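> So that we are looking at the same thing, I have put the structure below in structure tokens.
The values are calculated or read from the model by the stated rules, or taken from the named source; none is laboratory data. The structure presented is a predicted model; accordingly, all values stated were derived computationally and were not measured. Neighbour counts run over all protein chains shown; Cβ positions are idealised from the backbone, glycine included.
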Amino acid sequence: MSDIIKFLNYVFRSTINSYTMVFFSKNRWFGVLLFLVSFFDVHAGLAGLISLLTANLIAWLLGLNRASIHSGYYGFNALLVGLGMGVAFQPQPQFYVLLISIAMATLFLTLAFEGILGKYGLPYLTFPFLISLWIATLAARNYSTLIQGESGIYTLNTIYQRGGPLIVEIYQWFGDVSWPIAVKTYFKSLGAIFFQYHLFAGLLIATGLLIYSRIAFLLSILGFASAWYFYMLIGADMNDLNYGFIGFNHILTAIAIGGFFMVASRWSFLWVILITPIISIITGGFAELMEPLQLPVYSLPFNIMVLLFVYGMKFRERMLLHPETVFIQHFSPEKNLYIGQNSRQRFQTQYQFPIYLPFYGVWTVNQGHNGELTHKEAWRHAWDFVIAGEGGKEYENSGIELTDYYCYDKPITAPADGWIEEVINTVPDNAVGEVNVQQNWGNTIIIRHNEWLYSKLSHLKTGSIKVSPGAWVTKGQILAACGNSGRSPYPHLHFQLQATPHIGSPTLNYPIAQFVSHSDKKELLLYKVPERNEQVSNVAQEQALIKAFHFIPGQTINLECTSDKSLSETWKVMIDMYKNTWLEDQSTGSKAYFHMDGAVFFFNHFEGSQSSLLYYFYLAAYKVPLTYYKSLVVTDLFPSTSVSLPLLQFFQDLIAPFYIFIKPEYQLKYHDLTEDLSGNRVVLASGCIMKLFGITQTDFRFTLEISADNLQVMTIASKSMNRKINFVNSQSL
């Protein structure tokens, strides 16, 4: 029985997703509404349903990708073909035979377009629908048994036959409503997307669009309004919008470019306005070309414009955020905006090769980028590091001898894995105060990390270098000792990144992957450039945290609330073929996607119920450096949807492309570290602070207790909640 239920649920979701995919959505309730709207013309709705079910069934029998079938990718073009044919022809056995055949043809065309355009990373949109419906329309002129539909000729008679007197009254009421012609045409254009050419259908679709996505609704208005005013300005025939309802091309194009393929922003909105004339020209030109064949243009202008725009954006070298391309599609303009913006703020450098500080302990940036003495022009992106004692002094005693300097003869390590490219090891160390301008860089090591990234360590101690050219070194491996060779009046380490392997190469403005800043307050910084006088060190790992947050695929984690046993949950650690990892709540299906690189554990996305314990764990452990510094403060930013504020979120969505006023912030502090026989016990204190217009409104406070190398307790505190959650057990499957 459970298998039957799963199968029926699969069929239901793949069917509903086929309806919502027309609007680039996967919202279930919006899909149900569109399904109902399609049945305003019962015969057209039935034809559309049969057509998409046929396409999905054939896709299943052919063994095509299940996720694509489930998402509606193979069904929405067949749905549109069925709706179009249902409007064009009367219901009869011969018609349904033709319908099923055309649905199958549409699927094969979909696969062809998916393969051809997919090579270039482009969507196939509704091209399969256009070709299938045009061919079916032309072919049907040779089939004498098919009877043409009368919905466009005897509209009221057709509505009466298919819906009865109540539907006729509703249709006439909306037809007589004294709204401005532009408003009525907008709603009719929305209805025309599903071949429902009346205001009531469009009104329902607009309502569903507003509920599903405020940004998509706003874009639909912008796209149509831009077209309306352009037609007025250019002197075009307004009947093209009013009776042909080709305004839906402008609506769909606006949603696609303004918030689906591009992140919604003032730039994407501007482009929606700028491309309006192009859509109009394409519409008018192809309408003239196709008039001899008596074929409508349908959604051809939308397809051409979106394809050209998305393809054109792939050639950009500048202005990459104006507008920004959506790389991970969430099928919601809001999610594309909020999650995309949040990911850009948090992970904009995550694909850079990680470079670490090349020493042990705490060192001070004596001279940073754009230095006061050297580090100028093409060589301005470099650091000089020293060790400073109390009062900032770099030496003890009188500072006359090299050995007086704290950094002299201290080990210098590899900043990352790589091959030794070049070594100089014979330049004598200078006496304090003297410099060697003939051998400027002194003893030097150059390491090749990848094809365009090299690191250079200079002014090293004479004879201290332990490696030779061609050797492979690993991050943290001791390579040499800090010295005073070359143009160096006192012991220090010169460190820079460069794109070429030569001594004296220009520098790169390249960040350090992660380090602890000890200036003022301890702070973990990721992919930042250490600044002058900043005291920095590598992150010292805490094994208790590393083991506690090392989630293994297949592992199950059980939780139980001490005050309410019914709040127990079971999580499972999941992984997919792309190596994405997530925790999944087995009862609600909620998912929290995470990443662990050995130094930091962090969540990058949550989807599902915000009442689940997994959601609170996502908030509590949003970013956890796997280290321990009692005074270290870790901060980060949540997506604005992380805390549920329905009314405020509604208004935020409307203005999100221009201004975001809901800003949840994350903060983590290290509360306690206790050593015991079973391993260190660590207590972390974190919080989610909701800020509206910069003013703190609400917050959640959490503690996470780790002992015996496992998560043990999570506490949750807010104005309305106070809970203690026990991690009962954890096991691998």
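> When you look at residue 110, is it within 19 Å of residue 44 (Cα to Cα) and surrounded by 13 or more Cβ atoms within 10 Å (Cβ to Cβ), yes or no? Steps first, please.
Working: within 19 Å of residue 44 (Cα to Cα): no; surrounded by 13 or more Cβ atoms within 10 Å (Cβ to Cβ): yes.
For residue 110, the condition - within 19 Å of residue 44 (Cα to Cα) and surrounded by 13 or more Cβ atoms within 10 Å (Cβ to Cβ) - is not met.
> Right, something else. Determine which member of the set 448, 380 is assigned by TED's automatic domain parsing to the domain that holds residue 492, charged (D, E, K, R) and under 20 Å from residue 527 (Cβ atoms). Write out each step before concluding.
Values: 448 fails: under 20 Å from residue 527 (Cβ atoms).
Selected residue: 380, the only one of 448, 380 that is assigned by TED's automatic domain parsing to the domain that holds residue 492, charged (D, E, K, R) and under 20 Å from residue 527 (Cβ atoms).
> Among the candidates 483, 463, 442, which residue alone is surrounded by 23 or more Cβ atoms within 10 Å (Cβ to Cβ) and on the phi > 0 side of the Ramachandran plot?
Values: 483 fails: on the phi > 0 side of the Ramachandran plot; 463 fails: surrounded by 23 or more Cβ atoms within 10 Å (Cβ to Cβ).
Residue meeting the stated conditions: 442.
> Here is a further query. Give region 118-135 a look and list any residue that's in a helix (DSSP H, G or I), without any contact (Cβ under 8 Å) to a residue 60 or more places away in the chain and surrounded by fewer than 22 Cβ atoms within 10 Å (Cβ to Cβ), or say none. If you could, list the steps in order and put the result at the bottom.
Step one: list which residues in region 118-135 are in a helix (DSSP H, G or I), which gives 118, 127-135.
Checking which are without any contact (Cβ under 8 Å) to a residue 60 or more places away in the chain leaves us with 118, 128, 131-132, 135.
Matches in region 118-135: 118, 131, 135.
> Please state which of the following conditions residue 565 fails to meet, knowing it meets all the rest: (1) modelled with pLDDT of 85 or more; (2) farther than 30 Å from residue 392 by Cα.
(1)
> Checking residue 479 against (1) under 21 Å from residue 354 (Cβ atoms); (2) part of a loop (DSSP other than H, G, I, E, B); (3) among the hydrophobic types (A, V, I, L, M, F, W, C), which single condition isn't satisfied?
Exception for residue 479: condition (2).
> Can I ask one more? Considering (1) among the aliphatic types (A, V, I, L, M); (2) touching a Ser or Thr at 6+ places or on another chain (Cβ under 8 Å); (3) not in a strand (DSSP E or B), say which one residue 546 fails and leave the rest.
Against the list (1) among the aliphatic types (A, V, I, L, M); (2) touching a Ser or Thr at 6+ places or on another chain (Cβ under 8 Å); (3) not in a strand (DSSP E or B), residue 546 comes up short only on (2).
> Also: Would you mind telling me which numbered condition in (1) assigned to a loop (DSSP other than H, G, I, E, B); (2) crowded, with 19+ Cβ neighbours inside 10 Å; (3) touching a Ser or Thr at 6+ places or on another chain (Cβ under 7 Å) residue 510 fails?
For residue 510, the exception is condition (3).
> Counting only residues that are of a type in the set (A, V, I, L, M, F, W, C), within 27 Å of the chain's Cα centre (by Cα) and modelled with pLDDT of 85 or more, give me the strands (runs of 3 or more DSSP E) lying completely in region 675-721 with at least 1 of them.
The qualifying strands (runs of 3 or more DSSP E) are 681-692, 695-707.
> Given 59, 67, 55, which one is farther than 16 Å from residue 194 by Cβ, within 33 Å of the chain's Cα centre (by Cα), without any contact (Cβ under 8 Å) to a residue 24 or more places away in the chain and part of a helix (DSSP H, G or I)? Talk me through it step by step, then tell me what you get.
Details: 59 fails: without any contact (Cβ under 8 Å) to a residue 24 or more places away in the chain; 55 fails: without any contact (Cβ under 8 Å) to a residue 24 or more places away in the chain.
Exactly one residue qualifies, and that residue is 67.
> To continue, here is another question. Among (1) without any contact (Cβ under 8 Å) to a residue 24 or more places away in the chain; (2) in contact with a Ser or Thr (Cβ under 8 Å, 6 or more places away or on another chain); (3) surrounded by fewer than 16 Cβ atoms within 10 Å (Cβ to Cβ), there is one condition residue 573 misses while meeting the rest; what is its number?
(3)
> Determine whether residue 507 is over 30 Å from residue 708 (Cβ atoms), of a type in the set (S, T, N, Q) and either in contact (Cβ under 8 Å) with a residue 24 or more places away in the chain or not assigned by TED's automatic domain parsing to the domain that holds residue 703 (or both).
On the way: over 30 Å from residue 708 (Cβ atoms): yes; of a type in the set (S, T, N, Q): yes; either in contact (Cβ under 8 Å) with a residue 24 or more places away in the chain or not assigned by TED's automatic domain parsing to the domain that holds residue 703 (or both): yes.
Criteria met by residue 507.
> Same structure, new question: Determine which member of the set 390, 396 is within 20 Å of residue 537 (Cβ to Cβ), surrounded by fewer than 20 Cβ atoms within 10 Å (Cβ to Cβ), in the same structural domain as residue 446 (by TED's automatic domain parsing) and free of Cβ contacts under 8 Å to residues at least 12 places away in the same chain. First the steps, then the outcome.
Working: 396 fails: within 20 Å of residue 537 (Cβ to Cβ).
Exactly one of 390, 396 is within 20 Å of residue 537 (Cβ to Cβ), surrounded by fewer than 20 Cβ atoms within 10 Å (Cβ to Cβ), in the same structural domain as residue 446 (by TED's automatic domain parsing) and free of Cβ contacts under 8 Å to residues at least 12 places away in the same chain, namely 390.
> Identify all residues within region 263-296 that are without any contact (Cβ under 8 Å) to a residue 60 or more places away in the chain and touching a helix residue (DSSP H, G or I) at 6+ places or on another chain (Cβ under 7 Å); write none if there are none. Can you show your working first?
In the first step, residues of region 263-296 are kept if they are without any contact (Cβ under 8 Å) to a residue 60 or more places away in the chain; the result is 267, 270-292, 294, 296.
Selection gives 271, 272, 273, 275, 276, 277, 278, 279, 280, 282, 283, 286.
> All but one of (1) at pLDDT below 85; (2) more than 23 Å from residue 248 (Cα to Cα); (3) surrounded by 17 or more Cβ atoms within 10 Å (Cβ to Cβ); (4) not hydroxyl-bearing (Ser, Thr, Tyr) hold for residue 102; which doesn't?
Unmet condition: (1).
> Next question. Within region 70-83, count every residue that is part of a helix (DSSP H, G or I) and either at pLDDT below 90 or not aromatic (Phe, Trp, Tyr) (or both).
Residues of region 70-83 part of a helix (DSSP H, G or I): 70-71, 76-83.
With either at pLDDT below 90 or not aromatic (Phe, Trp, Tyr) (or both) added as a condition, the list becomes 70-71, 77-83.
Qualifying residue count for the region: 9.
> When both residues are 6+ apart or on different chains and their Cβ atoms are under 6 Å apart, which pairs have a first residue that lies in region 537-561 and is more than 25 Å from residue 512 (Cβ to Cβ) and not assigned by TED's automatic domain parsing to the domain that holds residue 413, and a second that is among the aromatic types (Phe, Trp, Tyr) and not in a loop (DSSP other than H, G, I, E, B)?
Note: pairs meeting the criteria are 557/571; 559/727.
> Just give me the residues in region 70-92 being of a type outside the set (A, V, I, L, M), surrounded by 18 or more Cβ atoms within 10 Å (Cβ to Cβ) and over 28 Å from the mean Cα position of the chain (by Cα), in sequence order.
Within region 70-92, 82, 84, 86, 89 meet the criteria.
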